[in-house]
Amino acid sequence: MFFNISSYITETLIYKNFILIFSALDETLLLLLISLPLGFVLSLIFALGRISKNTLISRAVASYIFTIRGTPLLVQIYLIYFGLGSVKAIRESILWALLKEPFWCGVLALTINTVAYGAEIFRGGIQSVTKGQIESGQALGFSKIKLYRRIVFPIALRQVLPTYGNELILMVKATSLVSLTTYMEMTGIARKIMAKTFAPVEAFVAAGILYLFLNFLMVQLVKYLEWKYNPHLRLNN
Amino acid sequence: MFKFEKLVFGDLGWGDEFLLAMLMTLVVSVLSMGLGIFIAIFTAWAKLTYSRTLKFIASFYTTVIRGIPELLVIYLIFFGGSSLVMKIAKVFGYDGYLELNAITISVIAIGIISATYSSEVLRAAFLSIPKGQTEAAKSLGLSKLQIFYKILTPQILRHAIPGLGNVWQVTLKDTSLISVTGLVEIMRQTRIASNVEHSPLTFLITAAFLYLFLTTFSSKFFNFLERKTNKGYA
């Protein structure tokens, strides 16, 4: 009986699609594994730039954030993949080795995008650190770097974990747009399957299940980090 | 590089085409936002009821749609939608070929996505109204409908405006994805013009500026609404 059910499941189109799309999971993960850590570090730097007392720096960062948050990610991906590729100077420069690959264009666009949102999130976190904590650090003779490393960043990062978690989930979803630059990650494979089998629902539902699973893992990771780094907020020990 | 002469109005440039495309983006965004709020009212209501089934259905819907990429939702509705419509039509005895037009598909797809975000905003806005107000209205003898229209709705709208403003920005940017359905909005127009003129950079920068224009002005509009509705609330 059980054997019949399992063979019935493996016969269905959706299961076959699932296996095919699952084999493209690493392409999606690779995009995330490079753009998320890079985006995290750059977001912190940009957040510091945003609150810098140097108006030139803070205004430059503010207009960067304004531009990126005001335009769709698709425009940014196309600008980097099709737009930059059409400039002769770039095609002849050393950058072309990277920019001719849809993968690196995707990484670049995703990073640029997440930095704009991440910098705003971290800025809010850094500004929420109460003045007294910074002053007590200064009273203890902390240097500026030590003050940020030991006091401001740990408090700010804990504060923004849930918000940054949302941004991480948006990034998982955003990777699907890179498929529009011929890069074959999960969405790209799903579209290829649809073109071959003429069964759109089975192809996209299979991909959707995988994305749901990926986001579920991301939510669990953020929950774990919150649990680990905010022990005072734990409901039951 | 950037070719300004390609953006003049009339037969020589793409200015008028882009203006129409921008209007199309705006129309689709407004319609999807409207459909989204309409669905969101029911979803938020279902989440706030005591019925477990309704709660489950509503949270299943929002979790799934928010957990999968917008592009997949659009593909699913664009490619899978017409076969579904034909199946429904078959039940009613119609056997021919049926297809929804691009704008209907786009509005339905973006509306379904936007509704998941709006429903959370509306739910939070409802929960921010103290229970005492409903109780006070009840004790004054107002009917359930009167409480909803005269006490709750005005306050829900006021509380929801900043959140709905955020949803609007996301919805507006999501419409860039519906270019896959063939509807001529900003992104589709950009693709067409770049293919004809072999100058993608010019038109992509134009598209970016048009989106910036739309998002900036709509955020100004929402700020205005927020100020207006918060008159007398400090």
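Listed values, structure above:
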| read-out | value |
| --- | --- |
| Residue in segment A:41-63 that is within 14 Å of another protein chain (Cβ to nearest Cβ) and farther than 16 Å from A:Ser176 by Cβ present | yes |
| Enumeration of residues in segment B:122-180 that are among the acidic types (Asp, Glu) and under 30 Å from A:Ile77 (Cα atoms) | B:Asp174 |
| In segment A:127-181, residue nearest to B:Val170 (Cα to Cα) [restricted to those that are within 14 Å of chain B (Cβ to nearest Cβ) and among the polar types (S, T, N, Q)] | A:Asn166 |
| Hey, B:Asn195 under 28 Å from A:Tyr117 (Cα atoms), out of contact with any Leu (no Cβ under 8 Å at 6 or more places or on another chain) and of a type in the set (S, T, N, Q) or not | no |
| Test for A:Gln220: is it more than 10 Å from chain B (Cβ to nearest Cβ), without any contact (Cβ under 8 Å) to a residue 12 or more places away in the chain and under 22 Å from the mean Cα position of the chain (by Cα) | yes |
| Residue within segment A:79-87 that is outside any helix (DSSP H, G or I) and at pLDDT below 95 present | yes |
| In segment B:81-119, residue farthest from the other protein chains (Cβ to nearest Cβ) [restricted to those that are under 21 Å from B:Arg188 (Cβ atoms), free of Cβ contacts under 8 Å to residues at least 40 places away in the same chain and in a helix (DSSP H, G or I)] | B:Thr104 |
| Any chance B:Ala21 is surrounded by 21 or more Cβ atoms within 10 Å (Cβ to Cβ), in contact with a Lys or Arg (Cβ under 6 Å, 6 or more places away or on another chain), outside any loop (DSSP other than H, G, I, E, B) and among the small types (Gly, Ala, Ser) | no |
| Check on A:Glu101, under 30 Å from A:Ser86 (Cα atoms), modelled with pLDDT under 95 and among the acidic types (Asp, Glu) | yes |
| Among (1) farther than 19 Å from B:Leu31 by Cα; (2) modelled with pLDDT of 80 or more - the single one B:Ser83 does not satisfy | (2) |
| Segment A:202-214 residues that are within 17 Å of A:Thr10 (Cα to Cα), paired with ones that are among the hydroxyl-bearing types (Ser, Thr, Tyr) and surrounded by 18 or more Cβ atoms within 10 Å (Cβ to Cβ) (beta carbon under 7 Å, 6 or more apart) | A:Ala207/A:Thr187 |
| Within segment B:193-222, tally of residues that are more than 14 Å from B:Thr25 (Cβ to Cβ), free of Cβ contacts under 8 Å to residues at least 12 places away in the same chain and either part of a helix (DSSP H, G or I) or away from chain A (no Cβ under 13 Å) (or both) | 7 |
| Count of segment B:158-191 residues which are surrounded by fewer than 19 Cβ atoms within 10 Å (Cβ to Cβ), within 13 Å of another protein chain (Cβ to nearest Cβ) and over 24 Å from B:Tyr117 (Cα atoms) | 1 |
| Output for segment B:39-80, where each listed residue is away from every other protein chain (no Cβ under 14 Å), within 16 Å of the chain's Cα centre (by Cα) and without any contact (Cβ under 8 Å) to a residue 24 or more places away in the chain | B:Phe42 |
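Okay, residues lined up against (1) within 30 Å of A:Pro200 (Cβ to Cβ); (2) under 18 Å from the mean Cα position of the chain (by Cα); (3) assigned to a helix (DSSP H, G or I):
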{"site": "A:Ile5", "(1), (2), (3)": "yes, no, yes"}
{"site": "A:Ile21", "(1), (2), (3)": "yes, no, yes"}
{"site": "A:Glu27", "(1), (2), (3)": "yes, yes, yes"}
{"site": "A:Gly39", "(1), (2), (3)": "no, yes, yes"}
{"site": "A:Leu42", "(1), (2), (3)": "no, yes, yes"}
{"site": "A:Leu56", "(1), (2), (3)": "no, no, yes"}
{"site": "A:Ala60", "(1), (2), (3)": "no, no, yes"}
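The values are calculated or read from the model by the stated rules, or taken from the named source; none is laboratory data. Because the structure is predicted, anything quoted here is derived from the model rather than measured. Here the Cβ is made from the backbone with ideal geometry for all residues, glycine too, and neighbour counts use every protein chain on show.
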